[in-house]
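Chemist: Supplied in structure tokens, the structure appears directly below.
The values are calculated or read from the model by the stated rules, or taken from the named source; none is laboratory data. Predicted, not measured: the structure shown is a model, and the values here were computed from it. Please note: Cβ atoms are built from the backbone with ideal geometry, for glycine as well, and neighbour counts cover all protein chains shown.
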Amino acid sequence: MVKKEWNPVLKGTVWKFGENVDTDVITPGKYLDNLGECKKHVLETLDPEFPANVKVGDIIIADKNFGCGSSRETAPEILQDMGVAAVIAPSFGRIFYRNSFSIGFPLLEADNIAEFFNKGDIAEVNIETAVVKNLTTNKTIQCKEIPKILMDILKSGGQLELLKKELKARSKAEKQNK
């Protein structure tokens, strides 16, 4: 899995997708028993170039309801593992949204974001301020800010990492109070 130090500013090449991108399209069911093979088919029905050409740091811009469909936890995991830095869309499937933040995979919501980008544009995303710039066209859009608890999860690298950090701090405090 591609995990790195927390950096609120991301910069990468844009991959663009339409509305209602289903988790079954992100991670096709017939390949789920072999995640290495599954990576070769991620989003291929929408863009056959994606699986072979996505690079670490790339950013997905989509239309509404990205990640709809089944509760396939592999969908955000495999995007993160392939190096996708973030997904920006007007809305997300609720389970995809929760699963993404749970593993520390950033999502931003912005109405009409798809109008601001073309495939191949360069985007700069500030997760903390929720500002997205198209460096190719020099246009900027303000996204919805990420709630504090979700931001804490992102900064920690996921929900499990945040829990470990909190338990360690609690244990240290208890030892000091003895």
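Chemist: Here are some residues: 152, 111. Which one is in a loop (DSSP other than H, G, I, E, B) and more than 19 Å from residue 57 (Cβ to Cβ)?
Modeler: Working: 152 fails: in a loop (DSSP other than H, G, I, E, B).
Of the residues listed, the single one that is in a loop (DSSP other than H, G, I, E, B) and more than 19 Å from residue 57 (Cβ to Cβ) is 111.
Chemist: Then there is this: Taking the condition in contact (Cβ under 8 Å) with a residue 12 or more places away in the chain, among the hydroxyl-bearing types (Ser, Thr, Tyr) and buried (at least 18 other Cβ atoms within 10 Å of the Cβ), does residue 71 pass?
Modeler: no
Chemist: Read through the list (1) polar (S, T, N, Q); (2) surrounded by 18 or more Cβ atoms within 10 Å (Cβ to Cβ); (3) at pLDDT 95 or above, then give the number of the only condition that residue 129 fails.
Modeler: Unmet condition: (2).
Chemist: What is the number of the single condition among (1) in contact with a Leu (Cβ under 7 Å, 6 or more places away or on another chain); (2) within 20 Å of residue 26 (Cβ to Cβ); (3) at pLDDT below 95 that residue 87 does not meet?
Modeler: It fails just one condition, (3).
Chemist: Considering every residue within region 35-50, establish whether at least one is at pLDDT 95 or above, more than 27 Å from residue 152 (Cα to Cα) and in a helix (DSSP H, G or I).
Modeler: Among the residues of region 35-50, at least one is at pLDDT 95 or above, more than 27 Å from residue 152 (Cα to Cα) and in a helix (DSSP H, G or I), which makes the answer yes.
Chemist: Then there's this: Can residue 166 be described as in a helix (DSSP H, G or I) and either touching a His at 6+ places or on another chain (Cβ under 8 Å) or free of Cβ contacts under 8 Å to residues at least 12 places away in the same chain (or both)?
Modeler: Numbers: in a helix (DSSP H, G or I): yes; either touching a His at 6+ places or on another chain (Cβ under 8 Å) or free of Cβ contacts under 8 Å to residues at least 12 places away in the same chain (or both): yes.
Judged against the criteria, residue 166 is a match.
Chemist: Pick from region 11-27 the residues that are surrounded by fewer than 18 Cβ atoms within 10 Å (Cβ to Cβ) and on the phi < 0 side of the Ramachandran plot: which of them is modelled with the lowest pLDDT?
Modeler: The selected residue is 24.
Chemist: Identify, please: which residue in region 86-98 is surrounded by fewer than 21 Cβ atoms within 10 Å (Cβ to Cβ) and part of a helix (DSSP H, G or I) and is, among those, nearest to the chain's Cα centre (by Cα)? Show your work before the answer.
Modeler: First pass over region 86-98, keeping only residues surrounded by fewer than 21 Cβ atoms within 10 Å (Cβ to Cβ): 90-91, 94-95, 97-98.
With part of a helix (DSSP H, G or I) added as a condition, the list becomes 94-95, 97-98.
Numbers: 94: 13, 95: 13, 97: 9, 98: 11 Å.
In this case the residue turns out to be 97.
Chemist: Output the residues belonging to region 119-149 that are assigned to a strand (DSSP E or B), under 15 Å from residue 107 (Cβ atoms), of a type in the set (A, V, I, L, M, F, W, C) and in contact (Cβ under 8 Å) with a residue 60 or more places away in the chain.
Modeler: 123, 125
Chemist: Report the residue count in region 51-68 for those that are part of a helix (DSSP H, G or I) and in contact (Cβ under 8 Å) with a residue 12 or more places away in the chain. Lay out the reasoning, then the answer.
Modeler: Looking only at region 51-68, we keep the residues that are part of a helix (DSSP H, G or I), and these are 51-53.
Among the residues that remain, those that are also in contact (Cβ under 8 Å) with a residue 12 or more places away in the chain are: 51-52.
Counting residues in region 51-68 that are part of a helix (DSSP H, G or I) and in contact (Cβ under 8 Å) with a residue 12 or more places away in the chain gives 2.
Chemist: Follow-up question, since we're still on this one. Could you please let me know if residue 79 is in a helix (DSSP H, G or I), under 26 Å from residue 29 (Cβ atoms) and over 16 Å from the mean Cα position of the chain (by Cα)? Reasoning before the result, please.
Modeler: Details: in a helix (DSSP H, G or I): yes; under 26 Å from residue 29 (Cβ atoms): yes; over 16 Å from the mean Cα position of the chain (by Cα): no.
In short, no.
Chemist: Here are 134, 138, 112: which of them is over 16 Å from residue 6 (Cα atoms), surrounded by 18 or more Cβ atoms within 10 Å (Cβ to Cβ) and polar (S, T, N, Q)?
Modeler: Working: 138 fails: surrounded by 18 or more Cβ atoms within 10 Å (Cβ to Cβ); 112 fails: surrounded by 18 or more Cβ atoms within 10 Å (Cβ to Cβ).
Residue meeting the stated conditions: 134.
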